1. Just to verify a result, which residue in region 468-492, among those that are over 60 Å from the mean Cα position of the chain (by Cα) and outside any strand (DSSP E or B), is surrounded by the most Cβ atoms within 10 Å (Cβ to Cβ)?
2. For LEU461, all conditions in the list (1) within 29 Å of GLU356 (Cβ to Cβ); (2) within 56 Å of the chain's Cα centre (by Cα) hold save one; what is the number of the exception?
3. Which residue pairs have Cβ atoms under 9 Å apart, sit 6 or more places apart or on different chains, and have a first residue in region 204-219 that is farther than 21 Å from LEU60 by Cα and without any contact (Cβ under 8 Å) to a residue 60 or more places away in the chain and a second that is charged (D, E, K, R) and surrounded by 17 or more Cβ atoms within 10 Å (Cβ to Cβ)?
4. Can you tell me which condition ILE328 does not meet? The list is (1) under 21 Å from GLU240 (Cβ atoms); (2) outside the structural domain of PHE215 (by TED's automatic domain parsing), and all the others hold.
5. Using beta carbons and a limit of 8 Å, which pairs, at least six apart or on different chains, have the first residue in region 82-105 and in contact (Cβ under 8 Å) with a residue 24 or more places away in the chain and the second one in a helix (DSSP H, G or I) and among the basic types (Lys, Arg)?
6. Quick one: in region 7-48, which of the residues that are surrounded by 13 or more Cβ atoms within 10 Å (Cβ to Cβ), farther than 28 Å from ALA311 by Cβ and polar (S, T, N, Q) is modelled with the highest pLDDT?
7. Name the single residue, out of those in region 144-181 being without any contact (Cβ under 8 Å) to a residue 24 or more places away in the chain and touching a strand residue (DSSP E or B) at 6+ places or on another chain (Cβ under 9 Å), that is farthest from PHE215 (Cα to Cα).
Amino acid sequence: MDAEQPTSDRRHSAYTGLRLRIALIVIMVSLAPMVLVSATILYQFNIFSNEMVNAHLGELVLKHKQNIDYFLKQRLNDISHLFRSFDVEQLKDKDFLQQRLKVLQEEYRYVFVDLGLIDQNGRQVAYAGPFELGRADYSGADWFKKAIQRHGFISDVFMGLRGHPHFIVTVRRQWQGAEWLLRATIDFVAFNTLVENLAVGKTGTAFILNREGEFQTRPPAGEPKLTKQQYLNLFKKGEEALGARRPSDGLDLVEEGEAHFLEGYIDRYTQPSSIFSVEKLGEHGDKFIIVAAFLKNNQWLLIFQQEAADAFAKLQETQRMAGLISIIGALAIIGMAFIVSGRMVKRMARLDFEKEMMNQQVIETGKLASVGELAAGIAHEINNPVAIMVEEAGWIQDLMGEGLEQGDNLQEAKRGLQQIETQGRRCKEITHKLLSFARKTDSRVQTLQLNELVTEVASLLSQKSRYANVEVQLRLQPDLPPIQASATEMQQVLMNIFNNAVDAMEKSGGTITVVSRSEEQSIRLSIADTGPGIPASNLGRLFDPFFTTKPVGKGTGLGLSICYGIIHKMGGQIDAESQVGKGTTFHIVLPLTAAAAKH
């Protein structure tokens, strides 16, 4: 029982390992395509989503750029139309100018804050608006110096005399040999609203910068996401990406009637190529998407910025969902792989058990066949002592008829009885050996002495060997370490090999030499005969099932196949070498247990 338990554990371990290997193969074969397809789809989806997000943001920025450009162009056009609809003398009238301002405010919802007429020396000669700027002197103002050189001009946002941010638009006109400017202040809140409408997601904001890095609209809430230098670098980046020219001050337009502002502004500022995008890392390491467009003759830059995590939130949510679905699918595949492999291994174990039972039945059948074959020879061997016993009994009967008291009859009777007893013991020993062989049906692994098994089988086949004129020589190493094997199965192996050797030499006689010896981790048993040998063409098929060289009806071809299965089940090896005309030798190598190997 102790020897059987490790065998059961080894089988269980082998089946567990097989189940794990099958499950791993199924998992790899199933998951590899899924992972490859999922990765490809997610990669393509990521590229497509990036393109879609950038295209969407670019479209929004372009739309707002066009709106802002149109707003500025319209304000210039309004002032230009006003300046050409009335002469300077009319506009010098404060009430008249105030009336013109009121008309503009009613038409454009107070986008225009005030109006002013300025001579070529920078003095404001007429003013309409809410501030006390009637005689303001702008000769030293930077915007005036630029505006007096241009037909149309839009200033940067500045504080000026009124103390809060604003910007102006101007139109220049000659009258009576002098240069005059009509100036209008644009409502900063109205202009800022155009930009602030460009808000996307939680972090997407827009604003306008000039080339000095100054905000032309309200800056975004909180701390700036990028440094001032990073913002300034966007101008250079835009020029490189779009091939934009360096700006000149104001609007360098040719004066060709009232429509010149409209045509020039559209041609210069509403091209789709004026949009570019970059990715930047903020001061705190956050990644930002920047989409920008030039405004006001490339002097301003409309900047839209949004955290990448916010811009691609939907993408990341989709990726997480896809990842979750993939993980669930992978877990389902892994679970099914182990379930299927478990069922497969369980079925294989059942088939192996049935096969083992069939093999055992084949072994028992072969053993019964060997017993039947032995019985014929043993019956003949028993005949000799039985004949002697019958003869001695008859002789005693004759002596008793003559009288035991006469002559040496008493001594002869005692001798005859002794002979009968001797031959009876001989018959008992022969039948005991046969019964012992036939009754060994336990296939459990146990500790055995190989030399004892060899001696027992050789003794059982001694009568058959004598009739075939075959001599059996045993050269067994004494004190051979024990082996772990089934006695029934080892008897079957030895019986098959011995019988084959005797059958091969039954016509010519010969010698069977059995040699046993211990090696480093095993025991080697060699069984050699001096029979006719086996042709090389048949040697490779010797252990194949149903292959036999015996005449039809004398062999099944299963004997050596059974031997091969038994020895390999024990973890041993069996092979044969043969030369035609010289004989055949079978080599059996059986492993030793760890304890036996040390012994």
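The values are calculated or read from the model by the stated rules, or taken from the named source; none is laboratory data. Model, not experiment: these values are computed from the prediction. Cβ coordinates were reconstructed from backbone atoms using ideal geometry, including for glycine residues, and neighbour counts include every protein chain displayed.
1. ALA468
2. Failed condition: (2).
3. Here the result reads GLU212/ASP156; GLU214/ASP156, each pair linking region 204-219 to a residue that is charged (D, E, K, R) and surrounded by 17 or more Cβ atoms within 10 Å (Cβ to Cβ).
4. (1)
5. These pairs meet every condition: LEU82/ARG100; LEU91/ARG100.
6. SER30
7. Within region 144-181, the subset without any contact (Cβ under 8 Å) to a residue 24 or more places away in the chain is 145, 155, 158-160, 163, 165, 174, 177.
Cutting the leftovers down to touching a strand residue (DSSP E or B) at 6+ places or on another chain (Cβ under 9 Å) gives us 155, 158-160, 165, 174.
Details: SER155: 13, PHE158: 10, MET159: 12, GLY160: 15, PRO165: 10, GLN174: 34 Å.
So, considering only residues that are without any contact (Cβ under 8 Å) to a residue 24 or more places away in the chain and touching a strand residue (DSSP E or B) at 6+ places or on another chain (Cβ under 9 Å), the one farthest from PHE215 (Cα to Cα) is GLN174.
Yes/no matrix, rows are residues, columns are (1) surrounded by fewer than 18 Cβ atoms within 10 Å (Cβ to Cβ); (2) part of a loop (DSSP other than H, G, I, E, B):
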residue	(1), (2)
GLY140	yes, yes
TRP143	no, no
PHE153	no, no
ASP156	no, yes
GLY163	yes, yes
GLN174	yes, no
ALA184	no, no
PHE191	no, no
LEU194	no, no
